[in-house]
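Enquirer: Attaching a single structure in structure tokens format; questions to follow.
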Amino acid sequence: ASRFQFIIVTARVKLLSLGNRLYLLSVFGGRNLMYENNYDSENETSRHKISQADRHNYSIVQKSRQIEMESSCADSNSTWDSLTDEQRTALGQRIVVNDQHQMLYCMVPLIATSSWMKVLYFLGEHNTAESISKVSASVAQQKTNHVWLSSFSQEEQKKRIDTYLKFIVGRHPFLRIIAVYKTKFDIKNEVFQRGYGRNIVKKYRHNPPPNPVGDDVKFSEFVQYLVDDENMEKMNEHWQPLYTLCRPCELQYDYILHHETVKEDAMELLNETSLDTVIPDFPVDNWDQVKAEYVRSTMDQLNPALIGRLVQKYDKDLAIFSYSTLY
């Protein structure tokens, strides 16, 4: 039997698995709500229960996400001005600026990054492509082909934060770290093997080899490493919680997009900003997707206690981005 056949109870959530369907009992203010989510048979894209009417009125979806983010950030009194210089610098180094269309985008690896970097490159001052389909991922990903918030003075940064449209793309934390594991450890990546894999095997494997290469890190070992890391702000950007990476409570983003519905969300944003005529079709890259069976096989490696700690680690991200379903 799968290890998913259990109920987890934390301060925030109750999770229940029955057969091939995952359910969640969300506990907020004494209200119990059950949600059901089914997998796409080929990839992670979820079938969110959003009505067709809501699809035509995107403001309803956005308003719901804004309310959830504001509610989750209610206990935070932090603002851009209250951030330290080090925190503002770190944040500014990941926010892409488009002055032509007055947009700010917080870039996070493996959350539709290549797609949005293509869009912003195409809309930016360095673009040489005739159409969005002609923009290569390698060109779009080059940092020198973009303008970053950190390149401006503090005064100019604040001006843009206060007046430009700010958007962020969230991803369910579990799917995010599974994608990281797949692309950095399961598929051999020498940089991550040397930088992280060796130490993870040494610390978390029972009877590790004397000189581990780090090319066979187990998912359970990787998760153990994540939950034991207490320095949130110094974590690698690939798995650092978004609430410290992009500072949604401090910046109060105008648009909150989800990786799981990235094409629909992106086209609605482009439509709202009148850019859908310039980019009629959002360029979705599927390389950072994870298939349902891969998700299940990796999550089956975790015991209930470790999953509970993982929920606690990313509890803030789950709440801020309205993720109430365990994938």
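Enquirer: Quick check, is GLU70 of a type outside the set (S, T, N, Q) and farther than 27 Å from GLU260 by Cα?
Expert: no
Enquirer: Scan segment 265-283 and report the pairs whose first residue is under 18 Å from ILE168 (Cα atoms) and whose second residue is aromatic (Phe, Trp, Tyr), with Cβ atoms within less than 6 Å and a gap of 6+ or a chain change.
Expert: ALA266/PHE282; MET267/PHE282; GLU268/TYR58; LEU269/TYR255
Enquirer: Any idea how many residues of segment 245-262 are crowded, with 18+ Cβ neighbours inside 10 Å and within 11 Å of VAL169 (Cα to Cα)? Talk me through it step by step, then tell me what you get.
Expert: Going residue by residue through segment 245-262, those that are crowded, with 18+ Cβ neighbours inside 10 Å are 245-251, 253, 255-260, 262.
After this cut, where a residue has to be within 11 Å of VAL169 (Cα to Cα) as well, the list is 246, 248, 253, 255-260, 262.
Going through segment 245-262 one residue at a time, the tally reaches 10.
Enquirer: Exactly one of these conditions fails for ASN127: (1) over 22 Å from the mean Cα position of the chain (by Cα); (2) closer than 21 Å to ASP281 by Cβ; (3) in a helix (DSSP H, G or I). Give me its number.
Expert: (3)
Enquirer: Scan ASP265, ASP229, ASP276 and give me the residue that is at pLDDT below 95 and open to solvent by less than 10 Å² (accessible area, probe 1.4 Å).
Expert: ASP265
Enquirer: Turning to a different aspect of this structure: Checking GLN100 against (1) in contact with a strand residue (DSSP E or B) (Cβ under 7 Å, 6 or more places away or on another chain); (2) over 22 Å from ASP317 (Cβ atoms); (3) open to solvent by 10 Å² or more (accessible area, probe 1.4 Å), which test does it fail?
Expert: In the conditions (1) in contact with a strand residue (DSSP E or B) (Cβ under 7 Å, 6 or more places away or on another chain); (2) over 22 Å from ASP317 (Cβ atoms); (3) open to solvent by 10 Å² or more (accessible area, probe 1.4 Å), GLN100 misses (1) alone.
Enquirer: Another question, then. For segment 239-259, what are the residues that are under 20 Å from ALA179 (Cβ atoms), assigned to a loop (DSSP other than H, G, I, E, B) and in contact (Cβ under 8 Å) with a residue 24 or more places away in the chain?
Expert: TRP239, PRO241, CYS246
Enquirer: Filter segment 120-164 down to the residues that are open to solvent by 30 Å² or more (accessible area, probe 1.4 Å), in contact (Cβ under 8 Å) with a residue 40 or more places away in the chain, of a type in the set (S, T, N, Q) and in contact with a helix residue (DSSP H, G or I) (Cβ under 6 Å, 6 or more places away or on another chain) and list them by number.
Expert: Within segment 120-164, just SER150 meets the criteria.
Enquirer: Also, I was wondering about something else. Looking at ASP285 and the list (1) part of a loop (DSSP other than H, G, I, E, B); (2) buried (at least 20 other Cβ atoms within 10 Å of the Cβ); (3) of a type in the set (Asp, Glu), which single condition is not satisfied?
Expert: (2)
Enquirer: Right, next: Does ASN236 satisfy the condition of being assigned to a loop (DSSP other than H, G, I, E, B) and surrounded by 14 or more Cβ atoms within 10 Å (Cβ to Cβ)?
Expert: Answer is yes for this residue.
Enquirer: Let me ask another. Evaluate the following for LYS188: is it without any contact (Cβ under 8 Å) to a residue 24 or more places away in the chain, open to solvent by 40 Å² or more (accessible area, probe 1.4 Å) and over 30 Å from PRO248 (Cα atoms)?
Expert: no
Enquirer: When you go through (1) more than 21 Å from the chain's Cα centre (by Cα); (2) at pLDDT below 95; (3) part of a loop (DSSP other than H, G, I, E, B) one by one for ILE50, which number turns out not to apply?
Expert: Against the list (1) more than 21 Å from the chain's Cα centre (by Cα); (2) at pLDDT below 95; (3) part of a loop (DSSP other than H, G, I, E, B), ILE50 comes up short only on (1).
Enquirer: Scan PHE122, PHE174 and give me the residue that is under 20 Å from GLU233 (Cα atoms) and in a helix (DSSP H, G or I).
Expert: PHE174
Enquirer: Output the residue which, of all residues in segment 130-147 that are in a helix (DSSP H, G or I) and not hydroxyl-bearing (Ser, Thr, Tyr), is nearest to the chain's Cα centre (by Cα).
Expert: Here the residue is GLN141.
Enquirer: For the subset of segment 58-83 comprising residues that are part of a loop (DSSP other than H, G, I, E, B) and open to solvent by 60 Å² or more (accessible area, probe 1.4 Å), which member is farthest from ALA319 (Cα to Cα)?
Expert: First pass over segment 58-83, keeping only residues part of a loop (DSSP other than H, G, I, E, B): 73-79, 83.
With open to solvent by 60 Å² or more (accessible area, probe 1.4 Å) added as a condition, the list becomes 74-75, 77, 79.
Details: ALA74: 12, ASP75: 13, ASN77: 17, THR79: 19 Å.
Filtering segment 58-83 for residues that are part of a loop (DSSP other than H, G, I, E, B) and open to solvent by 60 Å² or more (accessible area, probe 1.4 Å), the one farthest from ALA319 (Cα to Cα) comes out as THR79.
Enquirer: Taking only segment 178-200 into account, find how many residues are under 23 Å from TRP116 (Cα atoms) and touching a Ser or Thr at 6+ places or on another chain (Cβ under 9 Å).
Expert: Total meeting the criteria: 3.
Enquirer: A further question follows. If you check PHE167 against the conditions, is it outside any loop (DSSP other than H, G, I, E, B), within 28 Å of LEU123 (Cα to Cα) and either without any contact (Cβ under 8 Å) to a residue 40 or more places away in the chain or under 20 Å from the mean Cα position of the chain (by Cα) (or both)?
Expert: Yes; evaluated as a whole, the condition is true for this residue.
The values are calculated or read from the model by the stated rules, or taken from the named source; none is laboratory data. Note that the structure is predicted; figures quoted are calculated from it, not measured. Ideal geometry is used to build each Cβ from the backbone, glycine not excepted, and the neighbour counts take in all protein chains shown. Note: areas computed on protein heavy atoms with side chains; ligands, DNA, RNA excluded. Shrake-Rupley method; radii C 1.70, N 1.55, O 1.52, S 1.80 Å.
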